[in-house]
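What follows is a single structure, written as structure tokens, with notes after it.
The values are calculated or read from the model by the stated rules, or taken from the named source; none is laboratory data. On a predicted model such as this, the values are computed, not experimentally measured, just so you know. Using ideal geometry, Cβ is built from the backbone for each residue, glycine included, and neighbour counts are taken over all protein chains shown.
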Amino acid sequence: MNKTLGTWLCALLLVAPVSAVWASESADETQQLRQHIEQMQRDLLQMQQRLDDLQAEKEREQAERERMEQRVAEVAETAEAAEAAAAEDPDGISFGGAVRLNYGWRDYDDQNKDRGGDFELELFRINVNGTVGNVILDAEWRRYNDFQAIHHAWVGYDFSDELQMQLGITQVPFGILPYASHSFWFTGNYYLGYEDDYDTGVMFVHTPSDDWTFHYAFFKNPEYANDARADRYSFDLVTAGDQQNTETNQINFRAERHLNFGGDVRADFGLSLQAGQMYNRATESNGDRWAVGAHMDYYNGPWNLRLQAMRYEYNPKNPDGVSDDFVQKGAFAFPFLIAAKANSYTYSVSRSFNVDWGPVTYVNCYNEGTYVDPDVSNSSESIQSVTGCAVGAGGVYAYFDWIAGKNMWFAGGDGIGLDATTAGKWRSRFNVNIGYYF
């Protein structure tokens, strides 16, 4: 464009004087015309100079834009490299925990009823988890009113995206994970030692595809090698009196098939196997124990249905005079008896809601049941039913439960599967648990 303009300027500078001379008849007019042409030439030269300056400015701006684009690209590349480095080296340990308060009203405790129930601190806990040098750490310690206990504590390593190892006190892979229930009380399988149970050993979690999950585990013993300690979170065999059996050398296998039916409809179907020894300190002999279970975990939008059926057997080597029909479990500072052989059936039906009630944003309501059918002499069925709702508001998560039981531990019963004086009586309690999780 600058060359074209320069060509026209030159032509004008050459043609204009000649035309002016031919058009003028007087010297004065010729002189004026010449001056006028010279002024036009100066103006045109100034315009040409301004155009050259504008072109130079445009070139400088283009160069500046290119430098800025290159700088942005360099910054983006640096950020991507930093993110990749963080993903490759996600070192760091984080801390969390919870504080929980509990209100309970029990119809089988006259003094508790006279007071209108009791409200107290139920739990303080600390959680630690993270990764240092590709080694995973996950641990939780709990302090209840009357005792303190480890919940879990393991170190792990991801051999690949499909295979993880966990070494230490880790969750026993049996049934629906991580829980078969939604309520604060879990199902009756928790008190039998087959829901949210933690033992000490090694476990491998294998996810070869989105359709399957497998667990393989060996547990040397429960979370505490001290068999007489009932101050624990998980329900295990504990020793006291003539009950001297303890858990040892346990293997677990769990397989779960994941099905997606489209939208919010999906289901998990699983099979769990467990077998181990039970050492009797009085006879110094090993008995055996095993359990097998099948489960379904079905979701349809906000609805969830969980079903599980299992069979367990304990075959102890007791001394003469001690019945083989019952074994002793213990947790939360109390030992109690359960039937040594039984079938257990559980269900959980729940419906979740997203709400906007001030700070409350989530509600989940449920009904859950357990039926334990013992297969030993001098026994009686045990039943547990829990109806309630859980409410989430920021860091607060609260349970409002009505739990009823017949011959059921933690619901007015003396144990599970016993033919005791309380066996035919229904007992219940209203419970509110308010926790702040951080």
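Checking the conditions here, which among PHE438, PHE410 is surrounded by fewer than 19 Cβ atoms within 10 Å (Cβ to Cβ) and within 32 Å of the chain's Cα centre (by Cα)?
PHE438
Only a single item in (1) exposed (fewer than 15 other Cβ atoms within 10 Å of the Cβ); (2) part of a strand (DSSP E or B) is not met by SER352, and it is number (1).
Could you tell me which residue of segment 169-222 is nearest to ASN343 (Cα to Cα), considering only residues that are out of contact with any Ser or Thr (no Cβ under 6 Å at 6 or more places or on another chain), of a type in the set (Gly, Ala, Ser) and touching a residue at least 40 places away in the same chain (Cβ under 8 Å)? Going through the qualifying residues, I end up with GLY193. Among the residues of segment 234-246, at least one is crowded, with 16+ Cβ neighbours inside 10 Å, within 30 Å of LEU305 (Cβ to Cβ) and touching a helix residue (DSSP H, G or I) at 6+ places or on another chain (Cβ under 7 Å).
Filtering segment 121-128 for residues that are in a strand (DSSP E or B), in the same structural domain as PHE218 (by TED's automatic domain parsing), touching a helix residue (DSSP H, G or I) at 6+ places or on another chain (Cβ under 7 Å) and among the basic types (Lys, Arg) leaves an empty set.
Yes or no: segment 386-399 includes at least one residue that is out of contact with any Lys or Arg (no Cβ under 9 Å at 6 or more places or on another chain), free of Cβ contacts under 8 Å to residues at least 24 places away in the same chain and part of a strand (DSSP E or B). Yes, because at least one residue in segment 386-399 is out of contact with any Lys or Arg (no Cβ under 9 Å at 6 or more places or on another chain), free of Cβ contacts under 8 Å to residues at least 24 places away in the same chain and part of a strand (DSSP E or B).
Among the residues of segment 386-403, those that are more than 23 Å from the chain's Cα centre (by Cα) and surrounded by fewer than 20 Cβ atoms within 10 Å (Cβ to Cβ) comprise THR387, TRP402. Scanning segment 266-288 for residues that are of a type outside the set (Gly, Ala, Ser) and either free of Cβ contacts under 8 Å to residues at least 12 places away in the same chain or within 14 Å of GLU313 (Cα to Cα) (or both) yields LEU273, GLN274, GLN277, MET278, GLU284, ASP288.
Just one of the listed residues (GLY116, GLY156) is in a loop (DSSP other than H, G, I, E, B) and free of Cβ contacts under 8 Å to residues at least 40 places away in the same chain, namely GLY116.
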